[in-house]
Every structure is written in structure tokens, then in C-alpha cells.
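The next block holds one structure in the form of C-alpha cells; read it before the comments.
The values are calculated or read from the model by the stated rules, or taken from the named source; none is laboratory data. Treat the numbers as computed from the prediction; the structure is a model and nothing was measured. Neighbour counts run over all protein chains shown; Cβ positions are idealised from the backbone, glycine included.
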Amino acid sequence: MGKISEGIINFMSLRLNLSRNFVFLCRLILGLLLTQVLPAATLIPQEIFIPQQMRPLPGHLDRVPVFDSNNPEVVQTEGILLSTFPGKGKRVPTAHLNFPFQGRFDFFSHHIARAIETPNNLRTLYLGAIVYNPSSQSVNLEVLQAASYLSQPDAPFIQLAPILDNQLGNIYTGPGDRTTDEVLRGRRQEGWPAQLFIPPKQSRMLMNQPIPVRSLTPLLNGRSTLVRLRSNGPVYLAELAMFAKLNLDGSERAPTLEEWQTLLTTGNLARPREVAPSPPDNLTGPEIYGRVAAVAQGSVWRTQVTDPGSLDLAIPQRNQAFSYGLSTILVGRLGTGQDQSAKLLVRYPGTAYEAHGNYGVEYNLTLPLLNNTGMVQTVNVLVQTPIKEDKLSKLGLHFRQPPYPSVFFWGTVRIRYNDDNGFPKTKYWHLIQRRGQMGEPLAQLKMPPGTRRLVQVDFLYPPDSTPPQVLTVQTLAASNAHR
């Protein structure tokens with residue numbers, strides 16, 4: 001047959017992955033025959049329809065407030081990115097949302113610096129997060145988990161295989177991917193304090209981090225940050241953007257607390273502002289979701305995924321599957337009628353109406369699987385990225401072979417279960433999924449009749465990913481019940 005092109009190899013590889021389900025066996029045989037008689041240039045991408053049941057995800061987001069700063073995504077001026085301080089005494093009162101945090105809350109930030117290539121526009125952009133204690137007593141702010149990474153040099157976007165073992169946490173592409181992986185593992189990155197003591201009526205810096213661009217081509221860099229916090233008293237929080245200050249010798253330095261306080265008091269919103277979102281009650285298409293600059297409600301979606309009125313989740317019949325939506329959004333509910341986007345407690349006009357995509361939100365899902373079929377079954381658990389629909393055109397999901405080029409999900413998913421020998425197993429899988437990608441099994445379980453297997457799937461939705469995805473439980477046909 002001669003040397004097969006890389007495109008044909010990828011085509012055949014995906015076909016072979018699909019062979020785990022008898023539904024795709026006929027397409028596999030046809031595809032392999034076509035590769036024998038047609039040159040690579042004549043292979044035409046095709047849509048694949050899988051008649052698997054879609055179900056709304058049980059449970060709901062918790063009530064933990066999230067400081068959610070992603071507007072503008074590309075920051076080119078100094079100013080306020082998001083402030084929950086009171087507007088009283090500020091030069092621009094409308095730049096402040098007057099929302100105090102207390103107890104558990106999260107801080108999420110995802111911004112990009114892009115410079116114009118002139119000597120006067122290459123200064124490093126700093127992101128500063130300032131916390132203020134308005135009370136008459138000292139406040140202790142605990143930093144439970146924290147991570148913040150740059151695109152360059154910390155976590156550049158690179159090409160990776162669709163699924164890779166990531167037990168060590170050293171596989172990532174992009175700063176959002178690396179940041180959410182660190183927090184998923186319960187880590188506090190070196191350099192973050194375990195706690196901040198904030199005296200009455202005073203401020204402290206939670207973050208003062210640079211986004212350098214001077215030595216890069218193109219002059220573009222980004223930073224993603226996620227911090228889980230707990231405060232024993234009320235605090236106000238703001239994130240601001242400021243260019244590095246210059247020393248007498250022309251070298252750069254980070255802005256001081258006092259300089260950040262001045263900008264907070266006198267500054268306006270940073271620019272350029274993002275395009276305003278489509279009104280959610282008047283969607284005419286194409287939808288503009290907008291970028292988030294708000295306090296959202298919801299840090300973790302933790303739930304037992306069971307059948308209604310049961311403590312178990314019965315596996316599908318052989319050669320069938322069902323799926324639950326992950327990060328479903330308005331006009332992207334995949335037939336479930338469920339919009340999982342975190343609601344906003346306060347927001348700036350002109351920014352997103354919901355925290356669509358749930359960047360930084362943790363999905364902690366427990367599946368108590370039950371084989372009630374009377375036969376030994378082989379079950380796959382996998383994450384997939386179907387083609388987005390709101391109301392399903394057919395009772396199932398649409399995929400594409402090969403998937404579209406654009407990456408819709410890049411991040412690490414943790415799965416915990418007892419293997420077929422009864423030993424506990426924890427696996428971290430790094431996934432790259434493109435639009436329309438069917439995905440690979442995170443776990444494959446051989447289940448005798450009447451047995452139960454507890455499976456836990458856990459991940460933080462990574463910034464730069466595009467919803468929705470689905471969590472699928474698939475029972476294989478008897479002839480394909482092996483790896």
C-alpha cells in the first residue's frame with residue numbers, strides 16, 4: 001500500500017478507537033476499505049450521529065461567591081478590571097460594585113497583555129489584587145489553594161495528543177490549563193502566603209504579578225490565576241492593571257501598595273471594553289456571550305449522579321450510552337434544557353449576563369454504577385465534545401470525523417475507582433478535545449451481574465476552553481468488550 005500519509009494514520013487511529021462500540025463497526029470497515037482505494041486528498045470529513053440519551057446533570061452549583069475577572073480579556077490601558085469596593089469616595093463610583101466577601105470565596109482572573117511595537121509601549125503590565133478590611137477588627141484571610149501562571153514562559157500553548165497520562169502534573173498547554181490542574185490537586189503555588197492578616201481599615205496585596213511582553217514575538221502574553229480563600233471577617237476585593245514603574249536607572253519595578261490604592265481611588269475601568277453581550281431574553285443569533293466582570297455564585301458542582309428516586313446509576317444496555325451535560329450554556333443545552341452557567345450577583349453593564357463556561361468551577365461528580373442487566377458488561381466512562389446544539393435535531397449527539405481543527409477543551413480530569421481486581425485507582429488524564437471529538441475512555445470497567453462500582457470524576461473547567469462537553473457512560477457490545 002506504500003507509505004500512508006499522516007492524515008490517513010490519524011483517520012485510521014480514530015476509527016480503531018471507535019471500534020470499542022459495535023455501533024461504529026460498519027463505519028470502521030468502510031473507512032478502512034476507502035483508505036485502500038482513495039488517496040488522502042479525497043477523504044472527506046463526515047458528521048457522525050450517535051443515538052445516545054442526553055440527561056440533565058443532577059445537583060447544582062454551591063453558593064460560594066467567585067470574584068470573576070475576564071473583561072477586558074486583552075488589557076491595553078491602566079485601570080480597574082473589577083472592583084467590589086463601595087463607590088463612595090471614588091472618582092468613578094460606577095467602576096465599583098459594592099460587594100463584601102466573608103467566609104469562603106474564590107478569586108479568578110484571566111487576562112492578556114498585548115503591546116504595540118514601539119519603545120514606549122513595551123513596559124510590563126502588572127495585575128494587582130488589593131484586599132481591604134472595612135471593619136474595626138483585624139481579619140485573617142486564609143489562602144487555601146492558589147496558582148497563577150503566564151503563557152510565556154510558564155505554560156506555552158503546544159500541540160499534544162488527545163489523551164495523556166498526567167499523574168505527575170507536568171503536562172499542560174496554556175496558563176489556564178496549568179492553573180486549574182494545580183488547584184485540582186489541592187496545591188498552593190510557591191510564593192503565595194498561607195494567610196494574610198489585615199488590620200482594621202487597612203489594605204493588603206493578595207497579588208502583584210507581571211505580564212511581560214518585551215522579549216516575545218508576537219508582543220503578547222497572558223496570565224491565569226485561581227485562588228480559593230476563606231475570610232473570618234468582611235473584605236472588599238479589587239483587581240487592577242498598571243504598567244511597571246521605572247527606577248532612576250530605567251529598570252522596571254512593581255507598583256507599590258500605595259500606588260495601587262491611588263489607582264483604585266482615582267481610576268476608571270481598564271480598556272478596551274469587550275463587545276456587549278446579546279440580551280438573554282432576546283436572542284436572535286448569532287449569540288454574543290460576552291466576557292465576565294462580576295461576582296458569580298458557584299465554585300463547585302458536587303453531586304451524586306443517580307437515576308431518579310434511586311441511590312444507583314444503572315448502566316446502559318449493551319451497545320448503548322447516555323450522557324450528562326458539562327458546562328452547558330444558553331443556546332448550548334444539548335437537549336437537556338439545563339443552563340449550568342453560574343448566575344451573577346453583581347456585574348458591570350455591558351459585560352456577560354452569566355458566567356458562561358464556568359471558568360475555574362470544579363465539577364465533582366460521583367457515579368454509583370450498577371449492572372442490573374444479568375450479564376457481564378464492559379463499561380466505558382469518558383468525556384466528549386459534541387457539536388453544540390440547544391434543542392437536539394435528532395435524539396442523540398453529533399460528532400465529526402476527523403474533528404474540527406479548533407480546540408474546545410484542554411485540561412486535566414481526575415477519575416477515581418476500584419479496578420477490576422478491587423484495587424483503588426486514581427488517574428489524572430490530560431485531555432485535548434476539538435469540536436466534534438468523541439473522546440477516549442477515562443476508565444473501562446468489567447462489571448459482573450448485580451455488581452456496583454463507584455466512579456468519581458473531578459476537574460476544574462479550564463479557562464480558554466469552549467463549552468459544552470458531556471460525561472458519557474457507555475456499555476460496549478459483547479464483541480468489543482476489551483481494550
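Points to keep in mind about this one:
- Residue tally, condition under 13 Å from VAL383 (Cβ atoms) and either polar (S, T, N, Q) or not in a strand (DSSP E or B) (or both), over the range 434-457: 4
- Residue within the range 121-129 that is among the β-branched types (Val, Ile, Thr), at negative phi, in contact with a strand residue (DSSP E or B) (Cβ under 6 Å, 6 or more places away or on another chain) and in contact (Cβ under 8 Å) with a residue 60 or more places away in the chain present: yes
- Only one of the numbered conditions (1) closer than 26 Å to SER406 by Cα; (2) touching a residue at least 60 places away in the same chain (Cβ under 8 Å); (3) out of contact with any Phe, Trp or Tyr (no Cβ under 6 Å at 6 or more places or on another chain) is not met by LEU196, and that is (1).
- The residue list ARG302, ARG400, ARG414 contains one member that is in a strand (DSSP E or B), in contact with a Pro (Cβ under 7 Å, 6 or more places away or on another chain) and basic (Lys, Arg), which is ARG400.
- Residue match in the range 238-245 (condition: more than 26 Å from TYR461 (Cα to Cα) and either surrounded by 20 or more Cβ atoms within 10 Å (Cβ to Cβ) or not hydrophobic (A, V, I, L, M, F, W, C) (or both)): yes
- Of all residues in the range 59-88, those that are closer than 25 Å to LEU219 by Cβ and aliphatic (A, V, I, L, M) total 5.
- Hits in the range 246-273 (condition: surrounded by 13 or more Cβ atoms within 10 Å (Cβ to Cβ) and hydrophobic (A, V, I, L, M, F, W, C)): ALA254, LEU257, TRP260, LEU263, LEU264, LEU269, ALA270
Yes or no, residue by residue, for (1) assigned by TED's automatic domain parsing to the domain that holds LEU395; (2) over 30 Å from ASP106 (Cα atoms); (3) β-branched (Val, Ile, Thr); (4) touching an Asp or Glu at 6+ places or on another chain (Cβ under 8 Å):
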{"position": "ALA293", "(1), (2), (3), (4)": "no, no, no, yes"}
{"position": "ASP307", "(1), (2), (3), (4)": "yes, yes, no, no"}
{"position": "ASP312", "(1), (2), (3), (4)": "yes, yes, no, no"}
{"position": "GLN317", "(1), (2), (3), (4)": "yes, yes, no, no"}
{"position": "SER327", "(1), (2), (3), (4)": "yes, no, no, no"}
{"position": "GLY332", "(1), (2), (3), (4)": "yes, no, no, yes"}
{"position": "GLY335", "(1), (2), (3), (4)": "yes, yes, no, yes"}
{"position": "GLN338", "(1), (2), (3), (4)": "yes, no, no, no"}
{"position": "VAL346", "(1), (2), (3), (4)": "yes, no, yes, no"}
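- Across the range 341-355, the qualifying residues are those that are part of a loop (DSSP other than H, G, I, E, B) and over 13 Å from the mean Cα position of the chain (by Cα), and the one among them that is surrounded by the fewest Cβ atoms within 10 Å (Cβ to Cβ) is PRO349.
- Qualifying residues in the range 401-424 (those that are surrounded by fewer than 18 Cβ atoms within 10 Å (Cβ to Cβ) and within 24 Å of the chain's Cα centre (by Cα)) - the one farthest from ARG333 (Cα to Cα): ARG416
- Test result for GLN189, modelled with pLDDT of 95 or more and under 22 Å from the mean Cα position of the chain (by Cα): yes
- Candidates ASN358, ASN372, filtered to the one that is assigned to a loop (DSSP other than H, G, I, E, B), on the phi > 0 side of the Ramachandran plot, in contact with a strand residue (DSSP E or B) (Cβ under 7 Å, 6 or more places away or on another chain) and not assigned by TED's automatic domain parsing to the domain that holds GLY186: ASN358
- Put simply, of PHE67, PHE49, PHE85 the only residue that is surrounded by fewer than 22 Cβ atoms within 10 Å (Cβ to Cβ) and modelled with pLDDT of 95 or more is PHE49.
- Any hit, the range 89-105, residues being in a strand (DSSP E or B), touching a His at 6+ places or on another chain (Cβ under 9 Å) and modelled with pLDDT of 95 or more: no
- Taken over the range 291-344, the residue count meeting the criterion of being closer than 21 Å to ARG453 by Cβ and hydroxyl-bearing (Ser, Thr, Tyr) is 5.
- Qualifying residue in the range 147-163 (condition: of a type in the set (Asp, Glu), in a strand (DSSP E or B) and on the phi < 0 side of the Ramachandran plot): no
- Residues in the range 165-186 that are over 17 Å from the mean Cα position of the chain (by Cα) and not in a loop (DSSP other than H, G, I, E, B): ASP165 only.
- Restricting the range 433-446 to residues that are surrounded by fewer than 21 Cβ atoms within 10 Å (Cβ to Cβ) and farther than 20 Å from ASN364 by Cα, the residue that is farthest from the chain's Cα centre (by Cα): LYS446
- For the range 458-469, the condition of being in a strand (DSSP E or B), among the β-branched types (Val, Ile, Thr) and either modelled with pLDDT under 95 or under 21 Å from the mean Cα position of the chain (by Cα) (or both) holds for none of the residues.
- Positions within the range 212-230 being within 26 Å of VAL346 (Cβ to Cβ) and crowded, with 22+ Cβ neighbours inside 10 Å, in sequence order: GLY222, ARG223, SER224, THR225, LEU226, VAL227, ARG228, LEU229
- Per the listing ARG214, ARG230, the residue uniquely in contact (Cβ under 8 Å) with a residue 24 or more places away in the chain, under 30 Å from VAL457 (Cα atoms) and assigned by TED's automatic domain parsing to the domain that holds GLN102 is ARG230.
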